[in-house]
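For reference, the structure discussed in these notes is given below.
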């Protein structure tokens, strides 16, 4: 794979390859766009099969963060980092501090946070070597784990989708198939159960599914069986690219919306969903709650402002559904249009100052 000619490169501003032999760190930091402000995005640690897979993932994820910030109305750009390695065996304080030094060398162009395979506690370690970190523990001046806020944003987004699809009806009595019971997926199940939804869950970790069955009276299915569950809503909350040529024909739902990033294997799958009459809540909009929370951490956190921003996410989704329906376009394409409109406006405002 060559970087500049790769489709996923998508006009990235900067891609940095990081190596620290002493700690074993191998990482990639990608900055997609800083038209609206410094790039914010989590740092995940994952045992990628190849460096090419890691590069492809970080390029796609960082582009999604640009759209997420723009659609959420934040004055931030999009970036992401990936550490190549098994977080259960290879994560050490030395490695995390080396990652912090790599972030610090970027002088504030990239702001990092926890993601898949990393934790809030890990970023207390990263914070020892850089100040460009958000989502820190409360004792370090942060707001703690953003996962409950991400889950609440997804829940409010699913309510908006339900109102659009079923003329104002709630989630009570609806069947929701939740894929992935990590931090966000677990909290989403809690919100859904409290709202009266019936849950069907799947996760590769059998302990998690057993706990979900006990806590939420959830039905448990095998991971590969979750796509074919007859449900009102399918909520992907694990890894990306789960909506693809293999899984789309299996789906038996009316709405898709979840916390996973890059749920569509490619944008063309958004049109496939539209053709099937499945309402898709674009991932970079519905799962932006955590990004909003940590962004507010930089400027002085206020719960009332966070609540307003989360309600704004649901309103944005409703507007996307209506516009997509009016224009006969997939919701994913409509959401990208919305984000790009804000990016173009920001670049236009910058152009006169650059020419001066």
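The values are calculated or read from the model by the stated rules, or taken from the named source; none is laboratory data. It should be emphasised that the depicted structure is a prediction, and the values quoted were computed from it without experimental measurement. Because the Cβ atoms are built from the backbone with ideal geometry, glycine has one as well, and the counts that use them run over all protein chains shown.
Key figures
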read-out	value
Some residue of the stretch 302-309 being closer than 30 Å to residue 132 by Cα, in contact (Cβ under 8 Å) with a residue 24 or more places away in the chain and touching a helix residue (DSSP H, G or I) at 6+ places or on another chain (Cβ under 9 Å)	yes
Residue selected from the stretch 161-170 under the condition surrounded by fewer than 24 Cβ atoms within 10 Å (Cβ to Cβ) and touching a helix residue (DSSP H, G or I) at 6+ places or on another chain (Cβ under 8 Å), by the criterion modelled with the lowest pLDDT	169
Count of the stretch 321-333 residues which are assigned to a helix (DSSP H, G or I) and more than 18 Å from the chain's Cα centre (by Cα)	7
Given (1) assigned to a helix (DSSP H, G or I); (2) modelled with pLDDT of 95 or more; (3) farther than 20 Å from residue 87 by Cβ, number of the condition residue 185 does not satisfy	(3)
Counted residues, the stretch 41-67 - those being part of a helix (DSSP H, G or I) and within 16 Å of residue 294 (Cα to Cα)	2
Residue match in the stretch 18-40 (condition: part of a strand (DSSP E or B), surrounded by fewer than 16 Cβ atoms within 10 Å (Cβ to Cβ) and not assigned by TED's automatic domain parsing to the domain that holds residue 305)	yes
Residue that is under 29 Å from residue 299 (Cβ atoms), touching a residue at least 60 places away in the same chain (Cβ under 8 Å) and over 19 Å from the mean Cα position of the chain (by Cα), where the choices are 39, 69, 27	27
Checking residue 195 against (1) in contact with a strand residue (DSSP E or B) (Cβ under 8 Å, 6 or more places away or on another chain); (2) at pLDDT 95 or above, the condition it does not meet	(1)
Residue 189, sole failed condition from (1) under 21 Å from the mean Cα position of the chain (by Cα); (2) in contact (Cβ under 8 Å) with a residue 40 or more places away in the chain	(2)
Leading residue by the ranking (nearest to the chain's Cα centre (by Cα)) among those in the stretch 109-158 that are under 30 Å from residue 176 (Cα atoms), without any contact (Cβ under 8 Å) to a residue 60 or more places away in the chain and surrounded by fewer than 20 Cβ atoms within 10 Å (Cβ to Cβ)	148
Listing of helices (runs of 4 or more DSSP H) fully contained in the stretch 233-304 that carry 3 or more residues being at pLDDT 95 or above and crowded, with 16+ Cβ neighbours inside 10 Å	268-275, 283-286
Residue within the stretch 209-217 that is crowded, with 17+ Cβ neighbours inside 10 Å, closer than 21 Å to residue 252 by Cα and in contact with a strand residue (DSSP E or B) (Cβ under 8 Å, 6 or more places away or on another chain) present	no
Test: residue 86 is touching a helix residue (DSSP H, G or I) at 6+ places or on another chain (Cβ under 9 Å) and part of a loop (DSSP other than H, G, I, E, B)	no
The lone exception for residue 87 - which of (1) surrounded by fewer than 22 Cβ atoms within 10 Å (Cβ to Cβ); (2) under 14 Å from the mean Cα position of the chain (by Cα) it fails	(2)
Test result for residue 190, surrounded by fewer than 21 Cβ atoms within 10 Å (Cβ to Cβ) and under 21 Å from residue 291 (Cα atoms)	yes
